[in-house]
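To start, the structure under review is shown below, and the notes come after it.
The values are calculated or read from the model by the stated rules, or taken from the named source; none is laboratory data. What you are looking at is a predicted structure, and each value in this text was computed from that prediction instead of being measured. Cβ: placed from backbone, ideal geometry, glycine included. Neighbour counts: every protein chain shown. Accessible surface is based on the protein model in full, side chains and every heavy atom, while ligands, DNA and RNA are left aside. Shrake-Rupley method; radii C 1.70, N 1.55, O 1.52, S 1.80 Å.
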Amino acid sequence: MGSDIPFGFGNMGGDLPDPNDPRVRQMMQQLQQMMSQSLSSGPVNWELARQLAESELEAENTVGPADQAKIAEAVRLADLWLDSAVNWPSGVTATDAWTRKQWIARTEASWKQLAEPLAAQMGEAMQTLVPEEMAGMLGPMADLMKGVGSALFGAQMGQALAKLAGEVLSSTEVGLPLGKTGVAALLPGNITAYAEGLELPVEEVRLFVALREAAAHRLFTHAPWLHAHLLGALEAYAREIRIDESAIEEAMSGIDPMDPEAAATLDLSEVFKPEDTEQQKAALARLATTLALIAGWINVVVAEAVGERLPTMGRLMESARRRRASGGPAEQTFEALVGLQLDQAKVRAASQLWRSVAEARGIEGREAVWAHPDLMPSAADLEHPESFATVSEAMEDLESMFDQLAVNDPKSEDEGPEEK
């Protein structure tokens, strides 16, 4: 018989299954056992994600003392060069060198912050797929769909983490620091492979990556609101997630529930409402603008710090641009999380904006823009980057005028209120 009850529950006969039927009870017990691990693991089954990710990675030697020393020296030199280009002191408190598996293990806490709000909301949406008539029969299994979602998102995250681990060069390359605060971490194995692909000296590629890593740590250390701002945009997007019941029924019909790895093949973008709400569009716009401003600022300060010191700087910057344009780690991360396709034209505009602000207000004035989210350029400002610098300069002059008026005010600070 035809039915709009999802996942084929309606195909067991003309009526709903009898909860007293021993076969039904056995099925429920099997489902409960299968889902028990996922139900206790939260919105994402991270154990499954870790196992799947590590199983897809090639064997790799541990990072020895020699590589650790090379990474530490590259970061030290990068920070020294950045001192002349950035108004803030170093944000690096320690250095580290990771293998791909270590990158997965040491960034898990950050992935939980990024992914769990989205997965939790998706899980709540998926739970609505259990028919009301079935919910009573399921009893303790009423949260079945949460378990399905936990395993599903664990498999999806495992696949994504494996792909990223094979490409990522540092702890901040996805757009924000993923490791411990202040720890500049590079992946020497991936850097070596990247240098070979570019046919450039690995020492220069390592230093270039260290410069970007150290610059990112300075920015996130001295703009402490920035990390929460990015997470807030993701959470705002998550709150508006709605499920497309017909799409998920169709997508899940080909998934073997006894094979968790099969869930990794499901395209989540097909099972949720394809049209973003106005609130989601606003959250994505805020996220895209902030990520572009971060990348643009790093581009500018690294180029200024290097100057003429690296003969291959032009090729390194071009390779970084092509890497982003073809879908680098940052692009993969936010497209997987919220379907956001980062516009590289925004990054170029952001770079121009920061150069214009520095020309108008100096390095100190450029960095002052990061003091508060309300001072940050908007998406509209990226369309006219030079105009933002002009307005910022005018606002600075206005602030100076008010400061001078306050100094020249004849009233004494300890003078009481005016008598009437």
- What length, rounded to one decimal in nm, is gained on full extension from Q113 through to A303, with 0.36 nm per residue of separation minus their alpha-carbon distance? 65.2 nm
- Query: Accessible area, 1.4 Å probe, largest first: how do R366, R100 sort?
  - Reply: R100, R366
- Item | Order by protection proxy (mean Cβ within 10 Å, highest first), peptides 155-168, 303-316 | 155-168, 303-316
- Message: Could you tell me the ratio Rg/Rh of segment 316-370? Both radii from Cα atoms, Rh via Kirkwood.
- Response: 1.10
- Order by accessible surface, 1.4 Å probe, largest leading, for residues E58, E213, E47 comes to E58, E47, E213
- Item | segment 146-230, accessible area per residue, ligands and nucleic acids excluded (1.4 Å, Å²) | 29 Å²
- Using a simple spin-label model with points 7 Å from Cα along the Cα→Cβ vector, what separation in nm is obtained for E364 and S387? 3.0 nm
- Considering the alpha-carbon set of segment 66-110 alone, what are its Rg and its Dmax in angstrom? 13.0, 35
- Query: Which pairs break 26 Å Cα to Cα here: K70/K112; K112/K281; K281/K346; K101/K180?
  - Reply: K70/K112
